[in-house]
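The values are calculated or read from the model by the stated rules, or taken from the named source; none is laboratory data. Fair warning: this is a prediction, and the values are worked out from it, not measured in the lab. As a convention, Cβ positions derive from the backbone with ideal geometry for all residues, glycine included, and neighbour counts pool all protein chains shown.
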Amino acid sequence: MTRRSLGLALAFVLSAGLCNADAQGWRGWLDRLSGPGPFDGVGVSAEFLCYGKKELRATGGQPEAQGALVTTSGYEPFFDVNCSRAARSAWRVVIGVELGWYDADDPGDLEFDADYPADTTRVKLFTFLPTADFVRVRWLEFGTGVGVAWFRGDLFDTTARFLIEPRVTVKPIAVFTNAKWARIVQFRGRLSILPSGFDASDFGAVPGSWSEGGEVLPGWQIVFDFTELIGR
């Protein structure tokens, strides 16, 4: 396995987001929805595609110029963990994916048939969210994710919902220094948007006992992104 392939594999582990349990992500969204929950689980993310200008080491010319960083003249797409080879002096777009696995034992406000055992009302959730973030300065990113959320349970067939999540990421320590370690700690605000909503039958509950329309709910999280150490 090459070093870059190894770095890509490690990115899925190292860039996991740590969420505020009361206000962020799927747990917070479903708590406020008054549906099943709270949800507990894990989410991971990786960034592997970049659109920007490459920054390369010079290999030819005068001896004193060899090894110096040279920025390519044009923008281009290229595979790269966390855009580590992208020129920080130019804007870039970082593309990746977020995956989440969650589980809720508590049915919340959902009403189920009394004959159903409690362990059959559990709801599982899997999210797949491709993301794109625009970066112009080292401490601020604007982006969005567009993907799908799948709910599964013993009492209902898989329920899929279209998911949109615009977001803003701030790296507060990087405001004061250009050091790589300063970009590890990040604060991310986002909106979780599911346009189509839910009703009780989506989760195998008593039909007509609960429903909720489309949601646009804010959240935030603290992210520790150690793949920033790969970049320049």
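Name the single residue, out of those in the stretch 193-232 being assigned to a helix (DSSP H, G or I) and of a type outside the set (A, V, I, L, M, F, W, C), that is nearest to Val42 (Cα to Cα).
Kept after step one, since they are assigned to a helix (DSSP H, G or I), are these residues of the stretch 193-232: 200-203, 226-230.
Checking the rest, the ones that are also of a type outside the set (A, V, I, L, M, F, W, C) come to 201-202, 227-228.
Values: Ser201: 26, Asp202: 23, Thr227: 18, Glu228: 21 Å.
Ranking the qualifying residues of the stretch 193-232, first place goes to Thr227.
With the structure loaded, tell me whether Phe187 is in a strand (DSSP E or B), surrounded by fewer than 16 Cβ atoms within 10 Å (Cβ to Cβ), modelled with pLDDT of 95 or more and not β-branched (Val, Ile, Thr) or whether it fails that test.
On the way: in a strand (DSSP E or B): yes; surrounded by fewer than 16 Cβ atoms within 10 Å (Cβ to Cβ): yes; modelled with pLDDT of 95 or more: no; not β-branched (Val, Ile, Thr): yes.
In short, no.
Test of understanding: among Ala58, Ala68, Ala86, which residue is at pLDDT 80 or above and not aromatic (Phe, Trp, Tyr)? Quick ask: steps written out before the conclusion?
On the way: Ala58 fails: at pLDDT 80 or above; Ala68 fails: at pLDDT 80 or above.
Only one candidate qualifies: Ala86.
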Note: among Asp199, Asp133, just one is charged (D, E, K, R) and under 16 Å from Pro36 (Cα atoms), namely Asp199
Ser89 vs (1) more than 15 Å from Cys50 (Cβ to Cβ); (2) loosely packed, with under 14 Cβ neighbours inside 10 Å: all pass except (1)
Does the stretch 163-177 include one or more residues that are surrounded by fewer than 17 Cβ atoms within 10 Å (Cβ to Cβ), of a type outside the set (Asp, Glu) and either in a loop (DSSP other than H, G, I, E, B) or in contact (Cβ under 8 Å) with a residue 40 or more places away in the chain (or both)?
yes
Worksheet item: Is at least one residue of the stretch 193-208 on the phi > 0 side of the Ramachandran plot and touching a residue at least 24 places away in the same chain (Cβ under 8 Å)?
Response: yes
**Report entry** Flag for Pro77 being over 18 Å from the mean Cα position of the chain (by Cα), under 18 Å from Phe48 (Cβ atoms), modelled with pLDDT of 90 or more and assigned to a strand (DSSP E or B)
**Finding:** yes
Take Thr131 and decide whether it is β-branched (Val, Ile, Thr) and closer than 23 Å to Phe198 by Cβ. no
Flagged in the stretch 100-115 as surrounded by 14 or more Cβ atoms within 10 Å (Cβ to Cβ) and without any contact (Cβ under 8 Å) to a residue 60 or more places away in the chain, in numbering order, are Asp105
Subset of the stretch 213-224, residues surrounded by fewer than 16 Cβ atoms within 10 Å (Cβ to Cβ) and either at pLDDT 85 or above or charged (D, E, K, R) (or both), comes to Ile222, Phe224
Residue pairs within 9 Å by beta carbon, gap of at least six or interchain, first lying in the stretch 143-162 and under 30 Å from Asp115 (Cβ atoms), second modelled with pLDDT under 90 and acidic (Asp, Glu), listed first then second, are Phe151/Asp202; Asp154/Asp119; Leu155/Asp113; Phe156/Asp202; Thr159/Asp202; Arg161/Asp202
Of those in the stretch 135-159 that are loosely packed, with under 14 Cβ neighbours inside 10 Å and among the aliphatic types (A, V, I, L, M), the residue farthest from Val97 (Cα to Cα) is Val137
